Structure formats: C-alpha cells, structure tokens
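Let me begin by presenting the structure, written as structure tokens, before commenting on it.
The values are calculated or read from the model by the stated rules, or taken from the named source; none is laboratory data. Small disclaimer: the values here were computed from a predicted structure and weren't measured. As a convention, Cβ positions derive from the backbone with ideal geometry for all residues, glycine included, and neighbour counts pool all protein chains shown. Ligands, DNA and RNA are excluded from the accessible area calculation, which covers all protein heavy atoms including side chains. Shrake-Rupley method; radii C 1.70, N 1.55, O 1.52, S 1.80 Å.
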Amino acid sequence: RRLFLSEGGQRIRMLDIRKGASTVAGCGIVGHQDGPAATAAFGFPAAVVLSIDERKLFVIDTSAHALREIDLESRRVSTLVGGGKDQRDGPFEVARFDEPKG
C-alpha cells in the first residue's frame, strides 16, 4: 500500500495508494544534517529500504558517505554509519564508506 523513494531534490517521498504523494524527510538542500525530518538534509539519497516492522526507513546517502535512518514514528533522521569519505571497517562509530550506492 506504500512505496518509498528518493528523488533528486534531496528528499525521501512516500506514495500511498489512499493518500497520494508526500515528503517523509528532507528539506531539499544538499547536505548532511540529522534531526527533525522536515529540516534534515541529504547529499544524494540513492536507496531506501523499509524495516520489517515498518517503523524505520534506511537510506543510503551516497554523497554524504553514510547510512541514514528515518524513524517514521518520531519523524527524526539520524546517521547510523559513516559520514566521512573513507573506506574503513569497524564498529559503527568508526566505519566509513566511499560513495555507497545501495
């Protein structure tokens, strides 16, 4: 009944059969800013996956070099892993990606 997608305007959108299209997160400005969904900034969101419990979205943010999370209940965006261009293994706090694609 719902489809989530990323678009070039640095936003994550939802298409709902009953309600139509709406913006889930992203202010439309290129960047890497966590916080409230309406003011969060994405670099280039390339892939979006809905969690099994349908409470969170996971977003590969290519130019921010990060895996981001959108909590659909609290409407907040956070960075789970990455945030600096590098290729480094390790715990989430130190792991880094170089332009992940999804």
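Data for the structure
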| item | result |
| --- | --- |
| Segment 37-98: trypsin sites (Lys or Arg not before Pro) in DSSP coil with no more than 16 other Cβ atoms inside 10 Å | 55, 75 |
| GNM result for the chain, Cα springs below 10 Å: residue of 90, 28, 82 fluctuating most strongly | 90 |
| Estimated Rh, the chain: Kirkwood, alpha-carbon pairs, angstrom | 13.5 |
| Accessible surface of the chain, 1.4 Å probe, proportion on carbon and sulfur as whole % | 52 |
| Segment 20-82 - charge dipole about Cα centre, Lys and Arg +1 at Cβ, Asp and Glu -1, debye rounded to 20 | 100 |
| Loop GluC sites (Glu not before Pro), segment 3-102, which have at most 12 other Cβ atoms in a 10 Å radius of their Cβ (DSSP) | 54, 73, 93 |
| Loop sites in segment 18-102: chymotrypsin sites (Phe, Trp or Tyr not before Pro), DSSP, at most 16 other Cβ within 10 Å | 92 |
